[in-house]
1. Ranked by Cβ crowding within 10 angstrom, fewest neighbours first, how are 288, 206 ordered?
2. In µm²/s, what is D for the range 161-212 at 37 °C and 0.692 mPa s, where D = kT/(6 pi eta Rh) by Stokes-Einstein and Rh is the Kirkwood radius from Cα pairs?
3. Listed highest first by mean packing, meaning other Cβ atoms within 10 Å per residue, what order do 158-167, 68-77 come in?
4. How many angstrom lie between the Cα centre of the range 243-277 and the Cα centre of the range 29-69?
5. Taking a temperature of 4 °C and a viscosity of 1.567 mPa s, what whole-number D in µm²/s does Stokes-Einstein yield for the range 45-191 with Rh from Kirkwood over alpha carbon pairs?
6. Taking neighbour Cβ counts within 10 Å as the exposure measure, how do 282, 299, 90 sort from fewest upward?
7. I need the shape label for the range 123-232. Rule: rounded when a/c is under 1.5, else prolate if a/b > b/c, else oblate, with a, b, c from the alpha carbon gyration tensor.
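Coordinate-derived values only; no laboratory data. Please read all numbers here as calculations on a predicted model, not as lab measurements. Glycine gets a Cβ as well: all are built from the backbone with ideal geometry, and neighbour counts include every protein chain shown.
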């Protein structure tokens, strides 16, 4: 009887030892399953994107039978965050500049995706101070996407005008490359100061079929947008904006990424982490985009109303050709 008890206790100890060893053998990243979404403030857009990220990620993870289907999502503002995070956090998503800066300074031991940040914020650094696991998703669209919209709107838009800052070499390079690919004539005016916007714009409007606005706050801001739109309208030149707000203000159309578009891109990155896939670019533009078309402005310019779905389809087809 005593031997039977000893054997039973010994077997139990062996079983516990095996379970412990198996638990220790689980990779550290598989133990980490929680996802923190860190908001810069209480703006509605932050909560909308956070909610869309949570719902769409859980759905996709379930479809693919990934561990993230059981992840706990925590949504918090930086003002209430304890810098001592739960050790089970596998991924951190930041929304807005303040949250991105907070993560860069305090959470550099985690995988971080920072979204809802403008490219000209310069928050990403190439000096080695950034952790290699911090990824940046910009609000801006690739310049080629806006040029594709112009190309899709009308074959008659051959001469494209744009005002840029004189030191914005990356934008200039991207625009020139895109215009060459799409066989468009590009007219660029460079400025050093906001006082030069009016003169540069007037020169362009005499020589172009359409005007393109790029996301540069020195050129396009609350003080200047109204005058730019009025000047273009007087010359009967349509303007392509870079946001839904610009279209609502009077631009003919814009390609932009909606909160849902951004959420889907973040979701895809999270799923790549749980799928052990490589994420190639630390600086990213949203893969998903939306188009807004201002029918009232089109009518006032005697321009035919366009179907947003058809525009998007044309752009995607030409984008595939561009990558091929």
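1. Taking fewest neighbouring Cβ atoms as first place, the list is 206, 288.
2. On the way: Rh = 11.4 Å.
The calculation lands on 288 µm²/s.
3. The packing order, highest mean first, is 158-167, 68-77.
4. Going from one Cα centre to the other spans 15 Å.
5. Details: Rh = 18.3 Å.
Answer, rounded: 71 µm²/s.
6. 299, 282, 90
7. Details: a/c = 2.17, a/b = 1.40, b/c = 1.54.
Oblate.
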